[in-house]
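Data block below; observations after.
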Amino acid sequence: MLEPGYHLNPAIYCCAAAPDAPLGLLQKPAAPAPPGLTMNSVPADFDPARDLPAGFLEFLLPLHREFTPRQQQLVAKRAAALEGSHRGELPDYLSPSAANENGWKIELPAWCLDQRNQMTGPADEAELVVKMLNSGAPGVMIDLEDSLANSWPHLLQGIENILSALRG
């Protein structure tokens, strides 16, 4: 499934590989970080077939191929705007439209009115994962990003905790 010497890029949003590449989500390991700089990445012996849940890549790759081109366009546009601001150019905002000028409203579904659905917590804390899932909230976000320590072992522990909790 994987080409020799390639591994999963854990920072999917920073993936520079072409989305139409055989496995565009995969890239060769980067050079070691300079002294004093720590970079989070998958271990050198990472094997998606062994280390990811069954079906994960088959689920993720179509999404990656669908959305990465747009994501890369937005990143390039953002970089161009930053370069312009460094040259003293002011931002070019969208012109007024009904979306930002009129007092429009949307009706929220009833389940959104239950504020317990805003429960968020780290996936690497097994007890918290179980408590959130048993809270009675109509929805929870088990976080694999901002609320856990940004290291590969914590991410793997979070994935295992989520799968274990879902299995019962």
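The values are calculated or read from the model by the stated rules, or taken from the named source; none is laboratory data. Source: prediction; values computed, not measured. Because the Cβ atoms are built from the backbone with ideal geometry, glycine has one as well, and the counts that use them run over all protein chains shown.
Laid out as a table, the results:
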| quantity | calculated |
| --- | --- |
| Sole residue being in contact with a Pro (Cβ under 6 Å, 6 or more places away or on another chain) and at pLDDT 85 or above, chosen from 96, 62, 122, 69 | 69 |
| Count - residues of the range 146-162 that are part of a helix (DSSP H, G or I) and surrounded by fewer than 12 Cβ atoms within 10 Å (Cβ to Cβ) | 1 |
| Any helices (runs of 4 or more DSSP H) falling wholly within the range 76-135 and containing at least 1 residues that are among the charged types (D, E, K, R) and within 30 Å of residue 154 (Cβ to Cβ) | 126-133 |
| Test: residue in the range 89-101 that is more than 30 Å from residue 50 (Cβ to Cβ) and either under 26 Å from the mean Cα position of the chain (by Cα) or surrounded by 10 or more Cβ atoms within 10 Å (Cβ to Cβ) (or both) | yes |
| Selection status of residue 151, touching a residue at least 60 places away in the same chain (Cβ under 8 Å) and small (Gly, Ala, Ser) | yes |
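Rundown of residues vs (1) more than 30 Å from residue 160 (Cβ to Cβ); (2) in the same structural domain as residue 163 (by TED's automatic domain parsing), yes/no style:
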site: 100; (1), (2): yes, no
site: 103; (1), (2): yes, no
site: 112; (1), (2): yes, yes
site: 115; (1), (2): no, yes
site: 120; (1), (2): no, yes
site: 125; (1), (2): no, yes
site: 131; (1), (2): no, yes
site: 135; (1), (2): no, yes
site: 139; (1), (2): no, yes
